[in-house]
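What follows is a set of notes on a single structure, which appears directly below.
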């Protein structure tokens, strides 16, 4: 637990541990199974697996949605997103950021190095589901544990990466992680980006009209009047990065 706590990156690990420690807001009392979650700022949607209770009322920055299993074994799944910035890219070890792999694999490469440096058991990187590729999201996943917390971590980027999306399953035992793998995979397969057409239909904006943010992705999209969970909460739009995150890093950076 202490080794995992010392990891400052990625956001998803910190969020998962915050939930385990009970430092987030209380779970929603509403039964949200099978509902579609939509994040307007991040243009994402995902289906909550059957048998899980979800809430978007989390106070941890970047934590979009968290889900708990209604019946034992007790486990959580968290959906997080963070801006993919030049600083984040340049924090990766040189071999990871200069490889020819897709951004999710390079991000996973950097994360795996941090985990291994803390002597955690880390599994190999696996390809994500074909449904993600069809939806315009490149994804991978891998597993790791410290003997007390057993996690499966999926990482996804869009074709023009502007943010890193993580889906993390956290369980108290290896068997519990295996038991909840199907629900995790179901949620991951339904992860999609909202299209400009969906944005236009939900907001009444002409899809052919120029965006006030230029080439930046639209920040106000949703399903069924937003389809946000727990009382129609709408979040502020997330700013788009000003520059392409992938590029030259400061001279002498040999991390």
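The values are calculated or read from the model by the stated rules, or taken from the named source; none is laboratory data. On a predicted model such as this, the values are computed, not experimentally measured, just so you know. As a convention, Cβ positions derive from the backbone with ideal geometry for all residues, glycine included, and neighbour counts pool all protein chains shown.
For region 102-111, a residue qualifies if it is in contact (Cβ under 8 Å) with a residue 40 or more places away in the chain and in contact with a strand residue (DSSP E or B) (Cβ under 6 Å, 6 or more places away or on another chain), and the qualifying residues are 102, 103, 104, 107, 108.
Selection of region 113-131 for residues being over 23 Å from residue 179 (Cβ atoms) and assigned to a helix (DSSP H, G or I) yields 113, 114, 116, 117, 130. Restrict the check to region 174-197 and report whether at least one residue is surrounded by 23 or more Cβ atoms within 10 Å (Cβ to Cβ) and assigned to a strand (DSSP E or B). No: zero hits. Being over 18 Å from the mean Cα position of the chain (by Cα), in a loop (DSSP other than H, G, I, E, B), modelled with pLDDT under 70 and under 30 Å from residue 50 (Cβ atoms): is that true of residue 220 here? Yes; evaluated as a whole, the condition is true for this residue.
Within region 33-101, which strands (runs of 3 or more DSSP E) (wholly inside it) include 3 or more residues that are closer than 21 Å to residue 193 by Cβ and in contact (Cβ under 8 Å) with a residue 12 or more places away in the chain?
Values: elements: 36-39, 44-47, 52-55, 63-69, 76-83.
Of the strands (runs of 3 or more DSSP E) lying wholly inside region 33-101, those with at least 3 residues that are closer than 21 Å to residue 193 by Cβ and in contact (Cβ under 8 Å) with a residue 12 or more places away in the chain span 36-39, 44-47, 63-69, 76-83.
Considering every residue within region 152-162, establish whether at least one is part of a strand (DSSP E or B) and under 23 Å from residue 248 (Cβ atoms). Yes, there is a match, as at least one residue in region 152-162 is part of a strand (DSSP E or B) and under 23 Å from residue 248 (Cβ atoms).
Got a number for residues in region 112-155 being in contact (Cβ under 8 Å) with a residue 40 or more places away in the chain and in contact with a helix residue (DSSP H, G or I) (Cβ under 8 Å, 6 or more places away or on another chain)?
Within region 112-155, the first condition is being in contact (Cβ under 8 Å) with a residue 40 or more places away in the chain, and the residues that meet it are 114-115, 118-120, 128-129, 131-132, 135-137, 139, 141, 146, 148-149, 151, 153, 155.
Of the ones still in play, those that are also in contact with a helix residue (DSSP H, G or I) (Cβ under 8 Å, 6 or more places away or on another chain) are 118-120, 128-129, 131-132, 139, 141, 146, 149, 151, 153, 155.
Going through region 112-155 one residue at a time, the tally reaches 14.
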